[in-house]
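Heads up, the thing below is written out as C-alpha cells.
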Amino acid sequence: MRIKIAGTGSYAPEHVVTNEDLAGIVDTSDEWIKSRTGISQRRISDGIGTSGMAVKASERALANAGMKAEEIQLILLATSTPDCHFPSGACQVQGELGAVHAAAYDISAACSGFLFALNTAYSFIISGFYRNVLVIGADCLSKVVDWSDRSTCVLFGDGAGAAVVTGEAGGQGGDFGKPCVEQGSGCVPGASGILHMIMGADGWKGPVLSCESRTVGNFLTGTKPEMGYLSMDGQEVFKFAVKKMPEVIEQLLEESGMKLEQVKYLVLHQANYRISESIAKRLKISMERIPMNISRYGNTSAGSVPLLLDELNREGKLKEGDLLVLAGFGAGLTWGAALIRW
Ligand code: UT7
C-alpha cells in the first residue's frame, strides 16, 4: 500500500499588512521585525474565517489531485482558531465543499496541527478504514492576537493549506495494516509516499504559549465569557524549537533507515527565520535545503507547513522520488514530523 499526497492547495487572505503598517500601531520597526524574525509582511483576514480559508485551500487541493469532493471519506481540519465552538470547522468545510460521503472533525495541536492531522489520515488509511482523506491546516490567528502587544502581534498571519491524502493498493510499502517503517527495521526498500511519521507533546510546558479559553462563563458564579488573547514566552519557545526540531528530524530519519543527505528539502513550520537557521546549523546543512516563505506570510500556525508545501508543489520544485521531511512545533507544547517520498 502506498499512501501519498495526491494534491495540494493553499489560500491566504488578500489583505497585506506590512511591518510599516504595524509600526503605526505599536512601538516597533521594519528593521526590528525583519532582523529578528525574517518577516516583511503577513496576510490578515478581511472578513473570511478559518473555514472559509480552509474551503478555498481544499478546492485547490482537490483540483490539483483531480478528485471530486464526493470521493473524500474523511475531512480533518487542524486549527486552534475555529470560527465557532460547534459545529466543527471541518463540518463547515464538508458542507461548503459538498463532500457528502465524508466524516469530518477538527484536530487541535496548534502549529503542529497539520502534521498531527496528516498522521491521523495516514493511520486511518493504513488500517484500511478510509482511502481518501482531506487534510487541512488553517488558522486565523489575527482573531486571538493582542494587537497592542508588540512582542507577539508582529509574528503571526492568517492562512490555510490542504492536502488530499490517498491510499493505493499494491505497490511497495506493504499492505493494509503494514506501515512502511516497522519497529527497528527501517523503511521498506523502494517505498514511496508517506514513509514515516512522529508526533509528540509536552503538556508541562503548556503555559509558554497559550491562548486562554474564551468560554470562562460560569453558571454558578455568574461569570461572563471574556476574551482571551495569545500569550507567549518567545525565548522559551525559541529554545524548545531549536533543540526539539533537529532531534525529531534525526529520529525520523534514523527509524526510517535514511540519511539526511538523501533529503531534498526540510519543509519546516515557518515561525522565525532564525529558528530555521539554527536548525540548519545544528543539522549542518545549507539553508538552500530549507525553503522559506515566512517573509510574505509570517507564522500562519497550522497553515504554515501545507502552505509552503503547496507553493513548492506549484513551483514545480517537487519531483517524483524526492525525499522530503515535513516538521513543525507549537503550543502544547507539541511537535510532529513526516518523511515523504514524493
Ligand atoms: O509557532 C510557534 C510560535 N512562536 C515562536 O516560534 C516564537 C519563538 N520566539 C521568537 O521567535 C523570538 O523569541 C521573538 C521574535 C518572539 C523575540 O525575539 P528575541 O530576539 O527573543 O527578542 P526578545 O524577546 O529578547 O526582546 C528583545 C528586545 C526587548 O527589549 P529590551 O528588553 O531588550 O529593551 C523587547 O522588549 O526587543 C523588544 N521587542 C521589540 N522591539 C521592537 C520585543 N518585540 C519587539 C518588537 N519591536 N515587535
Review point. Counting only residues 5 or more places away or on other chains, whose amide H sits under 5 Å from the amide H of His15 once H atoms are built in the peptide plane?
Key: Ile44, Asp46
Practice item. Add +1 for every Lys or Arg and -1 for every Asp or Glu among the other residues with Cβ under 12 Å from the Cβ of Leu260, and state the total. Key: +2
Point to revise | Proximal charge balance of Val17 [Cβ under 13 Å; K/R count +1, D/E count -1] | key: -3
Review point. Calculated from DSSP H runs of 4 or more alone, at -39500 (n - 2.57) each and per residue, what is the 222 nm mean residue ellipticity of the chain, nearest 500?
Key: -9000 deg cm²/dmol
Exercise for review: Between Gly316, Gly222, Gly24, find the one with the highest GNM mean-square fluctuation for the chain; connect C-alpha pairs within less than 10 Å.
Suggested key: Gly222
Review point. So for the pair Ser210, Glu277, with labels modelled 7 Å out along Cα→Cβ, what separation do we get in nm?
Key: 3.2
Study note, to complete from the structure: Note, the stretch 237-242: 3J(HN,Hα) by Karplus (6.51, -1.76, 1.60, θ = phi - 60°), whole Hz, Gly/Pro = x, goes 5, 4, 4, 4, 5, 6
Exercise for review: For Ala103, list long-range residues whose amide hydrogen, built 1.01 Å from N in the peptide plane, is under 5 Å from its own amide hydrogen.
Suggested key: Leu74, Ile75
Review point. What residue among Pro87, Pro291, Pro179 has the largest mean-square fluctuation in a Gaussian network model of the chain, using Cα springs under 10 Å?
Key: Pro87
Practice item. Determine the gain in length on full extension of the stretch Met287-Lys34; use 0.36 nm per residue of separation and subtract their C-alpha separation, reporting nm with one decimal. Key: 89.4 nm
Point to revise | Whole-Hz ³J(HN,Hα) from phi, Karplus 6.51 cos²θ - 1.76 cosθ + 1.60, for the stretch 55-71, glycine and proline x | key: 5, 5, 5, 5, 4, 5, 5, 5, 4, 5, 7, x, 10, 8, 4, 5, 7
Study note, to complete from the structure: Total charge of the residues flanking Trp342 in space, meaning their Cβ is under 9 Å from its Cβ, with Lys and Arg +1 and Asp and Glu -1, is +2
Study note, to complete from the structure: Taking 202-209, 292-299, 151-158 and ranking on average Cβ neighbours within 10 Å, highest first, one gets 151-158, 292-299, 202-209
**Study point:** Beta bridges per DSSP with both ends in the chain, % antiparallel, nearest 5
**Key:** 70
Revision key, fill the gap. Comparing Ala160, Ala102, Ala169 in a Gaussian network model of the chain (Cα, 10 Å), the one with the largest mean-square fluctuation is Ala169
Review point. Applying the Karplus parametrisation 6.51 cos²θ - 1.76 cosθ + 1.60 with θ = phi - 60° to the phi angles of the stretch 227-232, what ³J(HN,Hα) value in whole Hz is obtained for each residue in order, glycine and proline being reported as x?
Key: 6, x, 10, 5, 10, 8
Review point. Under 5 Å between amide H atoms, partner at least 5 residues away or on a different chain: which partners does Gly159 have, H built in plane at 1.01 Å?
Key: Asp139, Leu141
Point to revise | Longest exposed-site-free window of the chain, the sites being GluC sites (Glu not before Pro) in a DSSP loop that have at most 16 other C-beta atoms within 10 Å | key: 15-211
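Values quoted throughout were computed directly from the atomic coordinates according to the rules given, and no laboratory measurement underlies them. The structure presented is a predicted model; accordingly, all values stated were derived computationally and were not measured. So basically every Cβ, Gly included, is an ideal-geometry build from the backbone, and we count neighbours across all protein chains shown.
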